Each structure stands twice: as structure tokens, then as C-alpha cells.
Amino acid sequence: GDHHTLLWQQTEMSAEIIAESDTIFSRRLGTLRSVDDAIGDIYAYIRDELQELDNTYFIYTADHGFHDGQWAMSFSKMLPYDTDVRIPFFIHGPDIKQGAVSNIF
């Protein structure tokens, strides 16, 4: 097929694995929300208390995470596809245009 061997040999996820994947996804989302809240607090502090937002860069990155049921794969990240090898990287700050995209890497 057009896909990596690990993908086309994958069997359907059982109801038990689907439920476990949903639980893990929900927990990860809760963690992400707490990080988002913390970043919001830091942003507000720099803007309101320090009044240095115009002199501050925020740089966000992360690992690429894990499959949570995509392609019937659970709890892994090992395929040669963009979703497995690319990571998010965002910059916000002075002289960074909103929505700007760079593909230098």
C-alpha cells in the first residue's frame, strides 16, 4: 500500500482501547488547559504589572505528542508522517506579524 507497514498492518482498536484512549486524551486536554491558564496569567502579568509586553517575546514549542486513536494506533508516535515528526513552534512578540509563516527548516 501507500502507507508504512506499521499502518496497513494495524488492526481495529477494541472498545476497551478506545475508552482508554478517550480517557488519556481527556486527561491530556485538562493538563493543556492548565498550561494555557498559566501562560495567560504570565502574559497578563507582563502586560499589566510590568508593562513590558512591547519588549517581550513568547516562544511556544512542544513535543509531537502521541497518537490517540489516529490511524487506529494508540499511545505511540513512530510513523514517518508529518504528524509524527513535525513539532509546533510559535513566536509572539515585537515585529512578529500575526499569521506570519516561515518554512526555513
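The values are calculated or read from the model by the stated rules, or taken from the named source; none is laboratory data. The shown structure was predicted, so the numbers you read here are calculated from the model rather than taken from an experiment. Side chains are part of the model used for accessible areas, which takes the heavy atoms of the whole protein and leaves out ligands, DNA and RNA. Shrake-Rupley method; radii C 1.70, N 1.55, O 1.52, S 1.80 Å.
Tabulated data for the structure shown
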{"item": "For the range 47-52, 3J(HN,Hα) per residue [Karplus equation, 6.51 cos²θ - 1.76 cosθ + 1.60, θ = phi - 60°, Hz, x = Gly/Pro]", "result": "6, 8, 8, 8, 6, 10"}
{"item": "Accessible surface ranking that places the most exposed of S21, S26 first, with a 1.4 angstrom probe", "result": "S26, S21"}
{"item": "T23, T61, reordered so the largest accessible area comes first (probe 1.4 Å)", "result": "T61, T23"}
{"item": "Per-residue HN-Hα couplings for the range 22-35 [Karplus 6.51, -1.76, 1.60; θ = phi - 60°; Hz; x = Gly/Pro]", "result": "4, 5, 5, 4, 4, 5, 5, 5, x, 5, 4, 4, 5, 5"}
{"item": "Largest-first ordering by accessible area, 1.4 Å probe, given options L32, L79, L53", "result": "L32, L53, L79"}
{"item": "Rounded to the nearest 10 Å², the accessible area of V101 at probe 1.4 Å", "result": "120"}
